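Participant: Next up is a structure, given as structure tokens.
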Amino acid sequence: MSSEHRIGFLGPAGTFTEQALLTQSDLAESERVPFRTVPDVLDAVESGEVSLGFVPIENSIEGTVNYTQDALVFDHELLIQREVVMDIEHCLLAPKGAQVGSIRTVHSMPVATAQCHEYLRTMLKQADIKAANSTAEAAQTVANLDDPSIAAVGPRAAAAHYGLDVIAEHIADHGSNQTRFVLVGKGTIPQPTGHDRTALVVFQRADEPGSLISILQEFAARRINLSQLLSRPTKRGGLGDYCFVIYADSHIKDELMADVLRDLHAKQGAVKFLGSYPAAGVHAHSAREHADARWREADDWINELRSRIAR
């Protein structure tokens, strides 16, 4: 990827999102454009203001970042290009000389404060929690206010960037805290790597018994593992009107995955494709490889039988 690309990300400078982006050598060479919110990033990609967008989509403690997931499902026609998983360390950041016992207000984005709920509830139970658009924006606000009773939950990088002290470290409820980020763009689908993920949304024709299992059976019959399954309100109807967001360990270029999409499109109604892209991490592929081989053998067998049809 050339440096002529402009990549939008959830800013300002110093967010976990920017740190994750910088772990990708090709993306780090591009011009980085910070935006205040995730929808702002996605709007900029769709309008062409930036070539690509980089946003958080899932956390190991709090689960899906719903405002990102819903924006991709309902508001934009963008495709995921890759995913990046990064370890997250939340710290309590405050002006020079501040002490934990003096903090009366804490700024951060709701996803971050939710990940640190136990610490905030026990160590700062008298503090008011103020919402920010990002952890770095919270740190920037605290730096501008320069009040020793006001702190932010955010990354060490934000403390260094905005001249704050880290007055408490590792404050998340669980030590193994990770966030998944996605790179999104328009139009293109990356080539398969052999370790890929496909994301899609299934809007059911009707809410009826067995509708979910009929969707899942399409994947199970082809030995395709689901790494994530979500139900989200469609926002178009009343209570109970849900769609299913599915992340499957395969690529649309794989015939078995393509076969799933064909059947779902034919049987279930509207299916929205969110992308096939390289997956983060390392996983075993033996089940998928064997399933692919069996499918190819079966396809060859069918083609040989069809070749005997009288003309």
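Participant: For the range 113-194, which helices (runs of 4 or more DSSP H) that fit wholly inside it have 2 or more residues that are crowded, with 22+ Cβ neighbours inside 10 Å?
Facilitator: Values: elements: 117-123, 135-145, 156-162.
Per the criteria, 135-145, 156-162.
Participant: Restricting attention to the range 229-261, which residues are among the charged types (D, E, K, R) and not in a strand (DSSP E or B)?
Facilitator: Passing the criteria: Lys235, Arg236, Asp241, Asp249, Lys253, Asp254, Glu255, Asp259.
Participant: Now for a separate question. Just to be sure I understand, how many residues within the range 223-261 are closer than 24 Å to Glu58 by Cα, out of contact with any strand residue (DSSP E or B) (no Cβ under 8 Å at 6 or more places or on another chain) and in contact (Cβ under 8 Å) with a residue 60 or more places away in the chain?
Facilitator: Selection size over the range 223-261: 1.
Participant: Just to check your reading of the model, which residue among Thr135, Thr113, Thr141 is outside the structural domain of Gly8 (by TED's automatic domain parsing) and over 19 Å from Phe35 (Cα atoms)?
Facilitator: Thr113
Participant: Next question. I need every pair where a residue in the range 294-311 that is of a type in the set (Asp, Glu) has its Cβ under 9 Å from the Cβ of a residue that is surrounded by 10 or more Cβ atoms within 10 Å (Cβ to Cβ), sequence separation at least 6 or different chains.
Facilitator: Asp299/Glu255
Participant: Pick from the range 78-123 the residues that are of a type in the set (Gly, Ala, Ser) and either touching an Asp or Glu at 6+ places or on another chain (Cβ under 7 Å) or more than 30 Å from Ala44 (Cβ to Cβ) (or both): which of them is modelled with the highest pLDDT? Even if it seems obvious, please write down each step before you answer.
Facilitator: Filtering the range 78-123 down to residues of a type in the set (Gly, Ala, Ser) leaves 94, 97-98, 101-102, 108, 112, 114.
Add one more test, that the residue is either touching an Asp or Glu at 6+ places or on another chain (Cβ under 7 Å) or more than 30 Å from Ala44 (Cβ to Cβ) (or both), and what stays is 94, 97-98, 101-102, 114.
Details: Ala94: 97, Gly97: 92, Ala98: 94, Gly101: 93, Ser102: 94, Ala114: 93.
Applying the filter and picking the extreme gives Ala94.
Condition check ((1) under 21 Å from Cys116 (Cα atoms); (2) in the same structural domain as Tyr119 (by TED's automatic domain parsing)) across all residues:
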position: Gly154; (1), (2): yes, yes
position: Ala157; (1), (2): yes, yes
position: Tyr162; (1), (2): no, yes
position: Gly194; (1), (2): no, no
position: Arg197; (1), (2): no, no
position: Val201; (1), (2): no, no
position: Leu212; (1), (2): no, no
position: Gln217; (1), (2): no, no
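The values are calculated or read from the model by the stated rules, or taken from the named source; none is laboratory data. Every value quoted in this text rests on a predicted model; they were computed, and no experiment measured them. Virtual Cβ from ideal backbone geometry, glycine too; neighbours counted across all protein chains shown.
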